[in-house]
Structures are given as C-alpha cells and as structure tokens.
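Reading through the structure tokens given below for one structure.
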Amino acid sequence: MADVSKFKPNTVYVTYIAAPPEKVWQALTSAEFTRQYFFGFAIDVEPKTGGKFFIRYPDGRAHISGKVLDWTPPRRFSCTWLVEGMAEFAELPECIVTYDIEQAGEAVRLTMTESHSWDIPEAILAGGRLGWPAILSNLKSVLETGKPMAIKMEPPQEMIEAVKKAVATKPWLK
Amino acid sequence: MSKPSFVYVTYIRSTPEKVWEALTTQEFTRKYWFGASLRSEWKVGSDWKIEFDDGRIADTGKIVEFDPPKRLVIGNWQNQFRPEVKAEGFSTCTIELEVTGEAVKLTITHVAQGPKFIEAVSGGWPKIMSNLKSLLETGHVAMEMKV
C-alpha cells in the first residue's frame, strides 16, 4: 500500500454541481454513470477502504487499477491509480486520486486532487490537466441535464514522449 | 521564475457564439456572477469593470484583445475592494473558446503579479464558470449565493 505521506498534490480541479452529495457520490462510483462521462470507461470498485479498484475499457480490460485508500460515502473517495492498460504508462509509479464532496450553498463542491510521490515532469501532468476538466465537466452535465457531451480527446504526443523518457530513466528510484 | 498563474478549463454544451454572448453582455453576466456584472463597451482599448448591484466596484481593467467568438484578453485587471489584493497590481486574463465535439472548450488563463490575487481567482473562477455552464445547459445557475 502507498505511503500517503510521500505524495503531494500537483493537479486540483474544482467544479460546483447542482445535485445532492449522494448523487455525486453515485456518479463517481457506479459504472452506469462513469460509462456516460468517463470516455466510456466503467468503474469497478470494492466498496470499502482497502478494496480493489479498476476503471475498465468497454471490453472489460483494466485501463486503470489501484486500491481504495478512503471510502467514506458521500464525502471522500480516494484510491491509488496506475494506468495499467497503456504500454509504458503502466511502468510509472502509481499516483493517488482523491475526490472530496462538500455542500456549498445549494450546490455541491467536487474537488479532484491528483497527487504524486516523485518529481513528475510537467509534460506528464499536462495529460491529467487536459483530461480531468473534460471528465468532470461531463459528469456535471450528466447530473444536471441527464445527457453527456461527446468530447474528442487523445493523450498529447508530448505527454507520451515524456512518459517514455521517464520510464527509460526512472527518476523516482533516485 | 514564471509569474503566478491559474488555469481553468470547462466544457460547455453550447455554441461559441452563445458562450461569447454570456461573457460579454452585462445583463447575462449578472445572472451568474454572484450579484455582480461585467461592464464595458467591449472593444479593444475600452475600460472594463466588475460592478456589484449596489454600485461598488470589484475589479477594473482594459480590453486588450477582442476577437469574437474566440479570444478575449483583459489587461490591467486589478482588484479594487481588497487592499492586500489590490496592492499586488495588475493581472492579465485570457479567455479562449474552441469547439471540440459537441462542446465548447473554455480556457481561462489568469496571470498575476502575486499569490493573493491567484488565491482569490482560484476560488472564484470555478464557482463562476460552474454557474455559467449550468445556466447555458439548464437555464438555471448552480448556486445563487452572493460573494
């Protein structure tokens, strides 16, 4: 299990959603919802701290795998996160993704925090900084309108190059 | 060392023209900007301000670029109601719109001289943009609360 104290937050994304905390929790943790807003991927999570966590391709293969670090419905869901399904990416150290759900007036503030245990290059962080706004904007649309948006997205070439370079030199071992 | 900055991206199911109108029409901004509205003649060189309904001025600036419906740059952006933030001086805010799939990608890049301004806009932009997205997609803001 990850030594959480070694991880520091590098990417934070905040959005406010007109929905109750329980509904936002359900959208984050149920496959029926994630398929709609998370590029078609399905979450598969053992609903307890220490449980197994996957985000699966439509064909069932694991895209992301990890372990649940905190399962506190409907407030906090945190897990380790390894991009298992993509060559090279799978060799990077795992990161931690945490969702915090708080009441903010009549809306809910959803905060996504991506934390890392090593001095991760900006070019790799750029991938998450591109993806999270699309995923979480879509989650908000699904909860508020019942309908996701089709958004086209690929990992940026610079990110792929940076991942290859990091995997070749393994700076996290130094 | 690069200047302190804050970037916020949101995707809105709308057209660039509608999002542009929502950003540059006083009556429209009033619906989602927490009891304030944006006032300007909306051309390059004109003054720009955020004014509360009671007449207090929140922020002032100047239109540096005005390229509808793609790119808006507000320069000399300075806070006017919190002395410690005002003391940091001018910031520059770039707002860009592009179509991607069924959505408009809205990117805000705010570059400031100091950390207090960035702290303030890091809290403010997600609220304002979440409200704008809700308003354009559902006809209602996510939160009515005032600042």
**Q.** Top-ranked residue of region B:77-99 - restricted to ones that are acidic (D, E) and assigned to a strand (DSSP E or B), ranked as nearest to B:S2 (Cα to Cα)
**A.** B:E96
Q: Only residues that are away from every other protein chain (no Cβ under 14 Å) and charged (D, E, K, R): list them for region A:1-26, please.
A: A:D3, A:K6, A:K8, A:E22
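So that you can scan it fast, the table gives a plain yes or no per residue for (1) at positive phi; (2) in contact with a helix residue (DSSP H, G or I) (Cβ under 6 Å, 6 or more places away or on another chain); (3) within 14 Å of chain B (Cβ to nearest Cβ); (4) of a type in the set (S, T, N, Q):
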residue: A:L28; (1), (2), (3), (4): no, no, no, no
residue: A:G40; (1), (2), (3), (4): yes, no, yes, no
residue: A:K48; (1), (2), (3), (4): no, no, no, no
residue: A:G51; (1), (2), (3), (4): no, no, no, no
residue: A:P73; (1), (2), (3), (4): no, yes, no, no
residue: A:A87; (1), (2), (3), (4): no, no, no, no
residue: A:L92; (1), (2), (3), (4): no, no, no, no
Q.
With the structure loaded, tell me whether A:V97 is crowded, with 21+ Cβ neighbours inside 10 Å, more than 14 Å from chain B (Cβ to nearest Cβ) and not in a helix (DSSP H, G or I) or whether it fails that test.
A. yes
Q) Considering only residues of region A:143-174 that are surrounded by 12 or more Cβ atoms within 10 Å (Cβ to Cβ) and within 11 Å of chain B (Cβ to nearest Cβ), which is modelled with the lowest pLDDT? A) A:M153
Q) Out of curiosity, is A:E46 under 25 Å from A:E158 (Cα atoms) and surrounded by fewer than 18 Cβ atoms within 10 Å (Cβ to Cβ)? A) no
Q | Positions within region B:92-138 being farther than 22 Å from B:V73 by Cα and facing another protein chain (nearest Cβ under 10 Å), in sequence order | A | B:G101, B:E102, B:S134, B:E137, B:T138
(Q) Tell me whether region A:109-121 contains one or more residues that are under 25 Å from B:T109 (Cβ atoms), of a type in the set (G, A, S) and either within 14 Å of another protein chain (Cβ to nearest Cβ) or not in a strand (DSSP E or B) (or both). (A) no
**Q.** Positions within region A:107-128 being among the hydroxyl-bearing types (S, T, Y) and under 13 Å from the mean Cα position of the chain (by Cα), in sequence order
**A.** A:T111, A:T113, A:S115
Q) From B:V7, B:V73, B:V19, which residue is part of a strand (DSSP E or B), within 14 Å of another protein chain (Cβ to nearest Cβ), within 14 Å of the chain's Cα centre (by Cα) and of a type in the set (A, V, I, L, M, F, W, C)? A) B:V7
(Q) For B:E144, only one of the following conditions fails: (1) modelled with pLDDT under 95; (2) in contact with a strand residue (DSSP E or B) (Cβ under 6 Å, 6 or more places away or on another chain). What is its number? (A) (2)
Q. Can you name the residue in region B:100-142 that is free of Cβ contacts under 8 Å to residues at least 40 places away in the same chain and in a loop (DSSP other than H, G, I, E, B) and, of all such residues, is surrounded by the fewest Cβ atoms within 10 Å (Cβ to Cβ)?
A. B:G139
Q: Just give me the residues in region A:150-172 being among the β-branched types (V, I, T) and part of a helix (DSSP H, G or I), in sequence order.
A: A:I160, A:V163, A:V167, A:T169
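The values are calculated or read from the model by the stated rules, or taken from the named source; none is laboratory data. Bear in mind that the values here come from a model prediction, so they are computed numbers and not experimental data. Backbone-built Cβ (ideal geometry, glycine too); neighbour counts: all protein chains shown.
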